[in-house]
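One structure is given below, encoded as structure tokens.
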Amino acid sequence: MFKGFTRLLHSPGEHLKSLLDSSESTTNALCPRIIPRSEHPVSRQQISEAALKVLYRLNGAGFDAYLVGGCIRDALLGKMPKDFDVATNATPEQVRDLFRNSRLIGRRFRIVHVRFGREVIEVTTFRGKPQDEHGDHIAQQSDDGLLLRDNVWGNIEEDALRRDFTVNALYYNIADFTIHDFANGAQDIKSRTLRLIGDPVTRYREDPVRMLRAVRFAAKLGFTIEPATEEPMYDLAPLLLQIPPARLFDEVLKLFMSGHGLITFRLLSHYNLFGMLFPEAEEAMADAAWAEDLIEQALANTDKRIAEDRPVTPAFLLAAFLWAPVAHRQAELEKDGMPAIPALQTAAQQVVTRQLQHISIPKRFGMPMRDIWELQARLPLRRGKRAFQTREHPRFRAAYDLLLLREQAGEIPRGLGDWWDAFQQGDEHEQRRLLQKVGSDPASQGDRRRKKRRKPRKTEQ
């Protein structure tokens, strides 16, 4: 796959036309490598028809057009590319004029989405280095170094050194099918190393989400994070608190819903990043040993389902992440004399309210998540018609899965999960037999209906 790479990596091409200052450049990575088609495995057959249409139309209109980033990285790793991003010297307005099926999005970074049915090709304009003469409407940075707006256009060399990791600074030229390597990304792919371009502290302050991206790529690709890239993450993790909750929710989906959730969770915890996303879950793990086991088992099951191409939902993972905080708060409220069901509902509301300060949870996931929690109180209640009603609930299966995880993690005794498994699998006769046994099951002791006392009739005087 890397035939010819060794020779290429020792024969740099022409020098960069313009460079960022030394603090923003990568050591020993100042010269681009031009990798000819005969010496790399990227083929147009791997590129989606929609991406090719965008590339050829831009090129035909006189603009430079390159595939860039993850699709080229994955192709060089022998993986089938999925997401195709295009970089060009055309401005967003020029791109929009070329494609009627496009729309401009974003203020912080203005990009163009070109839609072909369900597929979206993201087109970005080469970015340059902000200068003092640029107004806040073009480039703006906070006192802490956070990039608030970055819409300075530049050339491909400047754009390459503005990207995050060396392995993402690879450009496939549709004009001659060469790959332009501006930051020794091909070498880092070969050595399976993840390295930031520029000074790591500066780059993390510009955009703290880069720390999450470092973890995600390391987990997904099996790469080692280069020491200078990982060292600042331990101390700079709190910078994530500056990021809008809506953006962090999108990052959470990428982190945990790509099939590498378990190793991602462990890396996030290692670098003190998980607590910035789910602070109350981290606090619960410190107080209850079973809380971490439950999260890890939930992630392992989700990774397995994704590997088997089975459906998964963020609602279940969020329910698992936040269940220990809910259970802890519920227990405290019950100690204060609140009944179990109101205590559970109040605890859920308190946990969600705090969580939304860190990561927004859309209603389409938040409502099912709360249903899964409330069903934990209904699953032990199996007398009469209750078992059938609970089984027919739309969130029953997810709630049942969480119940099994709670048993496996050691939060509650085993047994209730086996009963529900037998009840689901059994025929009508077996279900009746199981319901008759409920009275002697300790897990069902809370399911005793209170008989209403009849008020004595008043006798006429």
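The values are calculated or read from the model by the stated rules, or taken from the named source; none is laboratory data. From a predicted model like this one, the values you see are computed outputs, not experimental measurements. Cβ placement follows ideal geometry from the backbone for every residue including glycine, while neighbour counts extend to all protein chains displayed. Each accessible area value is taken on the protein alone, full model and side chains, heavy atoms only, with ligands, DNA and RNA left out. Shrake-Rupley method; radii C 1.70, N 1.55, O 1.52, S 1.80 Å.
Inclusion of ASP250 among residues that are under 30 Å from LEU77 (Cβ atoms), open to solvent by 70 Å² or more (accessible area, probe 1.4 Å), of a type in the set (Asp, Glu) and under 15 Å from the mean Cα position of the chain (by Cα) is warranted. Beta carbons closer than 9 Å, at least 6 apart along the sequence or on distinct chains, pair a first residue in the range 49-61 that is assigned to a helix (DSSP H, G or I) with a second that is charged (D, E, K, R) and open to solvent by 50 Å² or more (accessible area, probe 1.4 Å) for GLU49/GLU119; ALA50/ARG115; ALA50/GLU119; ALA51/ASP85; ALA51/GLU119; LEU52/ARG44; LEU58/ASP64.
Taken over the range 30-46, the criterion of being of a type in the set (A, V, I, L, M, F, W, C) and either within 30 Å of the chain's Cα centre (by Cα) or modelled with pLDDT of 50 or more (or both) is satisfied by CYS31, ILE34, ILE35, VAL42.
Only a single item in (1) out of contact with any Ser or Thr (no Cβ under 7 Å at 6 or more places or on another chain); (2) not in a loop (DSSP other than H, G, I, E, B) is not met by LEU255, and it is number (1).
For LYS82, the criteria (1) without any contact (Cβ under 8 Å) to a residue 40 or more places away in the chain; (2) among the charged types (D, E, K, R); (3) open to solvent by less than 20 Å² (accessible area, probe 1.4 Å) hold in every case but one, which is (3).
When ASP309 is tested against (1) open to solvent by less than 70 Å² (accessible area, probe 1.4 Å); (2) outside any helix (DSSP H, G or I), only condition (1) is not met. Could you please give the count of residues in the range 89-100 that are in a loop (DSSP other than H, G, I, E, B) and surrounded by 14 or more Cβ atoms within 10 Å (Cβ to Cβ)? Summing the residues that are in a loop (DSSP other than H, G, I, E, B) and surrounded by 14 or more Cβ atoms within 10 Å (Cβ to Cβ) in the range 89-100 gives 4.
Selection of the range 389-422 for residues being free of Cβ contacts under 8 Å to residues at least 40 places away in the same chain and of a type in the set (A, V, I, L, M, F, W, C) yields PHE396, ALA399, LEU403, LEU404, ILE412, LEU416, TRP419, ALA422. In the range 312-353, the residue that is most open to solvent (accessible area, probe 1.4 Å) out of those that are outside any helix (DSSP H, G or I) and more than 17 Å from GLU374 (Cβ to Cβ) is ASP336. Of everything listed in (1) surrounded by 21 or more Cβ atoms within 10 Å (Cβ to Cβ); (2) free of Cβ contacts under 8 Å to residues at least 24 places away in the same chain; (3) of a type in the set (A, V, I, L, M), the single unmet condition for ALA286 is (1).
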